[in-house]
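For reference, the structure is listed below as structure tokens.
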Amino acid sequence: MADRFDRRLTMVVADLLRFALFVSIPLSRSVTWLLIASFLIEAVSMFWIPAKEASVPNLVPRERLEAANQLSLLTTYGSAPVAAGVFAMLALFTTALGVAIPFFSTNPVDLALYFNAATFLFSAATIYQLREIPKHARRVDGEPGPDNVLRSIVDGWRFVGRTRVVRGLVIGMLGAFAAGGAVIGVGRVFVNDLEAGDAGYGMLFGAVFLGLALGMFLGPRLLAGLSRRRMFGASIVSAGVILALVAVVSNLVLVVLLVFFLGVFAGVAWVTGYTLLGLEVEDAVRGRTFAFVQSMARVELLLVLAAVPFAAGVLGEHSLRIGDAHLRLNGAALTLLIAALLATLVGVVAYRQMDDHGAVSLWAEVLSVVRGEPALSGRRVGRGLFVAVEGGEGAGKSTQIELLDRWLRERGQTVVVTREPGATPVGRRLRALLLDPRTGPLAARTEALLYAADRAEHVERVIRPALARGAVVVTDRYVDSSLAYQGAGRTLPVEEVARLSRWATGGLVPDLTVLLDVDPAVGLARARGRADRLEAEPVEFHERVRREFRDLARREPQRYLVVAADAAPDVVADQIRARLAPLLPTPTPTPESTSPPAGASRDGAGASTREMEAAE
């Protein structure tokens, strides 16, 4: 229903129903109705949650989605201590109130139930005012929606099954949830076997929830340069390994410490999985995808909680002797060990389904992030240096590239100045299609594919050969332009555009990306009179482009230099030179160092931007 009906109205109605159900519990004073109302509250929640999760990506900028999910999950899992405190306060207040009103002296939890009901009423009023929530799911390219609810559900399941990344996400989240259910199912028995009692049980749950909160909040920040897809699977594997250690360790202090780190990795996996689902799943099927995950997680938890204690009893106690070491495992510990193996296996499967940086080992990528180095994924092997110059319209890229070209040649560098689109014979034809206003409107995906085709030819014919020769390659636009223009500007999923560009370039990443940052209104005023298809877009389009450029730079500060392009050209050029100087390779003087390569004015490779424009 989250994909078929008004999501805002669905959430408001669900909150009003939950308000009414909670109010009805103290009024009915019936155990039978308590059970029925509890069942109905959970069922209504299953309509509210997918509508909410599917709406969030439409309410916040894509670059803030992870932060929004962190806040949402922190308030979900971090509210338990607050709720306990509020309940205690209400219980004390009820006791005092019972002196004057006998009703509350005999019904001490009723005030808490009324308070809980009021929170749903407040939620309904808040959501009702959020007019920004789209009434219906946004379908891609005007595709018709499913003609009935059953077909809608089946389409959602098929989408999960046939989409590799989403399949990996769902497998990982459900597998981790099953392992977590096993921990809950035998946790109390396991703690009793450690002779830790109620205090130990409280310590373990406190440790795991503290770890969850820190993992959700700090993990993605500390590992900002790491691929989110890799982070998801690796976090589940790490949690599985730690759970295995928990199963075989019999020291309470060590178990509490291990459980804390178990929570950290689980928190990283959960917030990363939620964020990736919001980014990877198109709006038309996002609601049913979240619904699938939420409902399957609950069914899975129910089955696990029923089966795991039984399995622990059947397994019983076993002893394992390794040399002089003697390891005793009871049924609870063996069950946790099996759950750990399941989580590890699921994490490995999810990692393989989603790995987008296969050319570089995970450990090498993690080390580069921890050391604050540029991301290793897709880095080339060669003697040259690769510099990309990015920015919005009218940012002054041509001027800065010309000044940089002159400065590099004066320092004895072999320089190849190029651009996108149009640096090759094929690229020039694509450039005419992409930028000529007479081309007319292009579908957003068509435009993205044409840019990717130009980029593939550009990298293969111009950039890689020049880098192999030891040249300094300076390109006017590269992958980040597609992320900003076709991703944010055309509102295509940025991750899909990034995946397409990675495939087109073979993962080639610049050593330095210079972002000339300029206010769109200022830049468009500079470019007035020569508007191409992109320059002719409204200012709102260019504002989205600028936000995406800046967000890309924020996420990879080691690889970016952001320069205010409204400064004097010489000031901008000095900042670029200062950042670039330590990166320059040892000069290898060749004829190319003093003049463009032969034929550059014909095919664009090696010619300055202005020379290429003149050639056109």
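Magnitude of the charge dipole for the range 435-538, about its Cα centre and with charges confined to Cβ atoms of Lys, Arg (+1) and Asp, Glu (-1), is about 220 debye. Our note on the geometry: Cα centres of the range 480-523 and the range 434-470, 12 Å apart.
With all pairs of separate Cα atoms included, the range 482-531 yields a Kirkwood hydrodynamic radius of 13.0 Å.
Using all pairs of distinct alpha-carbon atoms, the Kirkwood hydrodynamic radius of the range 450-521 works out to 13.1 angstrom. Estimated translational diffusion coefficient (Stokes-Einstein, Kirkwood radius over Cα pairs, 25 °C, 0.890 mPa s) of the range 408-499: 174 µm² per second. Residues of the range 388-418 falling in the label zone of residue 577, defined by backbone nitrogen less than 12 Å from a point 7 Å along Cα to beta-carbon, are 403-411. Its Kirkwood hydrodynamic radius, worked out from the mean inverse distance over all distinct Cα pairs, puts the range 454-496 at 11.6 Å. Solvent-accessible surface of protein heavy atoms, probed at 1.4 angstrom with all chains present, puts 511, 574 in the order 574, 511, largest first.
In this structure the range 487-547 gives 44 Å² per residue of accessible area when probed at 1.4 Å with all protein chains present.
Ordered from largest to smallest accessible area (heavy atoms of protein chains, 1.4 Å probe), the residues 296, 173 come out as 296, 173. Given the whole protein assembly as supplied and a 1.4 Å probe, what does the accessible area of residue 210 come to in Å², nearest 10? Near enough 100 Å² of accessible area. The fraction of Cα-Cα pairs per 10 angstrom bin, counted from 0 for the range 427-578, comes to 10, 37, 40, 14, 0 percent, rounded to whole percents.
The values are calculated or read from the model by the stated rules, or taken from the named source; none is laboratory data. Just so it is clear, the model here is predicted, and its values are computed rather than measured. Cβ atoms come from the backbone with ideal geometry, glycine included; neighbour counts cover every protein chain shown. The accessibility values were calculated without ligands, DNA or RNA, using every heavy atom of the protein model including side chains. Shrake-Rupley method; radii C 1.70, N 1.55, O 1.52, S 1.80 Å.
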